[in-house]
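I have placed the structure first, in the form of structure tokens, so that the comments after it can refer back to it.
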Amino acid sequence: MKAMILCAGYGKRLNPLTLKHPKPLLEMGKETLLSNTLKFLKQCKINEVVINVHYLGDQIINYINENKFNLKINIVREKEKILDTGGGVLNAIKHFQEPFLIINPDTIWNQDYLTELELMQKTFQTNKKIKCLMLLVKKEKSFDKSFKGDFNLENNLISKKEKNDLKYIYTGMQIIQPELFYKIKTTVFSINEIWNDLIKKNELYGIETNIKFLHISTLDIYKKLNIK
């Protein structure tokens, strides 16, 4: 399986740190968010990775070139404008012919997630109906208590039925079929549009993790997690 790391965003909620450095290069201990994600993918036996860049993209490219990650890494630039999460994947879709992993670098991935990804892969392979499978966590397990919830989950089906009581958060990891992007004509769009369309069809699937969710969302959370 190949993977795509989303690295094009501005990271505005982490200003002033992200005024001079892109969010994926912020340090957590001895690692950066990006290096932590790349090393996690290597542990998952994923050997080919696509990274999209836009804001301060040259810094990310130089960082990749200056460090050895023992991975095949393809850089896809979003030159003229940022394409949002869905548009960023669509812009790189030629790299994917089979189901692939999309992962956000601002979650602190660790070895515990190896088992979760293995389960996701097995679930995806055995259920041919699945076109997108997301890893979700109950919002109570989030270090950042400001999250209000993204979805509900029942019998591995994701919904937004009770909009005032969404119990689950998206962790930043999903396996998705590239065919979901083939007919899209818009260049700039959020991947939420694909999720919402699948939800309407009762075709968006999820798996729950019990791992404590550590996500770099704001400057305050970043500082607290770095101290921790």
Can you compute 3J(HN,Hα) from phi for each residue in the range 92-97, using the Karplus curve 6.51 cos²θ - 1.76 cosθ + 1.60 with θ = phi - 60°, rounded to whole Hz and x for Gly and Pro?
10, 5, 4, 7, 10, 10
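Report the per residue volume, in Å³, of the convex hull enclosing the C-alpha atoms of the range 99-169. Walk me through the intermediate numbers first.
Details: hull volume 7.8 nm³, N = 71.
Convex hull volume per residue, Cα atoms: 110 Å³.
Could you list, in their original order, any pairs among Lys30/Lys223; Lys20/Lys148; Lys131/Lys200; Lys79/Lys223; Lys39/Lys183 whose Cα atoms are separated by more than 22 Å?
Numbers: Lys30/Lys223 15 Å; Lys20/Lys148 30 Å; Lys131/Lys200 14 Å; Lys79/Lys223 31 Å; Lys39/Lys183 33 Å.
Checking Cα-Cα distances, Lys20/Lys148; Lys79/Lys223; Lys39/Lys183 exceed 22 Å.
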Step through the residues of the range 135-147 one at a time and calculate ³J(HN,Hα) from phi using the Karplus curve (6.51 cos²θ - 1.76 cosθ + 1.60, θ = phi - 60°), rounding each to whole Hz and writing x for Gly and Pro.
9, 10, 9, 5, 5, 5, 8, 7, 4, 7, 7, 7, 5
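Given an 8 Å cut-off on Cα distances and at least 6 residues of separation, report the relative contact order of the range 45-165 as a percent. Don't skip to the end; give the middle numbers.
Numbers: 64 pairs, mean separation 19.3, N = 121.
After rounding, I find 16 percent.
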Applying a 10 Å radius around every beta-carbon, put 41-51, 124-134 in order of their mean neighbour count, most first.
41-51, 124-134
For the chain, the Debye formula with one identical point scatterer on each Cα and no solvent gives log10 I(q)/I(0) at q = 0.07, 0.10, 0.13 Å⁻¹ as -0.20, -0.43, -0.76
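Can you pull out the chymotrypsin sites (Phe, Trp or Tyr not before Pro) in the range 13-114 that DSSP calls coil and that have at most 16 other Cβ atoms within 10 Å? Show your work: numbers first, answer last.
Details: sites: Phe40, Tyr55, Tyr63, Phe69, Phe96, Phe100, Trp109, Tyr113; in loops: Tyr55, Phe69, Phe96, Trp109.
Answer in residue order: Phe69.
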For a test of the definition: using alpha carbon positions, the gyration tensor, and the 1.5 limit on a/c, classify the range 152-222 as rounded, prolate or oblate.
oblate
Computed, not fitted: 222 nm per-residue ellipticity of the chain from DSSP H runs ≥ 4 (each -39500 (n - 2.57)), nearest 500, equal to -8000 deg cm²/dmol
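First check a/c for the range 105-228, with a ≥ b ≥ c the square roots of the eigenvalues of its C-alpha gyration tensor; if it is under 1.5, answer rounded, and if not, answer prolate when a/b is larger than b/c or oblate otherwise. Write down the numbers at each step before the final one.
Working: a/c = 1.61, a/b = 1.47, b/c = 1.10.
Prolate.
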Here the membrane-span-like helices of the chain, with no claim about any membrane, defined by DSSP H, Cα axial extent at least 18 Å and mean Kyte-Doolittle at least -1.0, are 112-126
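To check you understand DSSP bridge types, tell me what percent of the beta bridges within the chain (both residues inside) are antiparallel, rounded to 5. Intermediate values should be presented prior to the final figure.
Numbers: 18 of 37 bridges.
Percent antiparallel among DSSP bridges in the chain is about 50.
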For Cys7, the residues 5 or more places away or on another chain with a placed amide H closer than 5 Å to its own amide H are Asn52
One finds the C-alpha centres of the range 1-68 and the range 179-228 to be spaced, in Å, by 17 Å
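Mind ordering 26-32, 171-177 by average Cβ neighbours within 10 Å, highest first? All intermediate terms of the calculation are to be shown ahead of the outcome.
On the way: 26-32: 14.4, 171-177: 22.3.
Sorting 26-32, 171-177 by mean packing, highest first, produces 171-177, 26-32.
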With the cut-off at 1.5 for a/c, could you classify the range 1-113 from its C-alpha gyration tensor as rounded, prolate or oblate?
oblate
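The numbers here are math on the coordinates, done by the rules we state, and not lab data. Since the model is a prediction, treat every value here as computed from it, not as a measurement. Don't worry about glycine lacking a Cβ; one is built from the backbone with ideal geometry, like all the others, and counts go over all protein chains shown.
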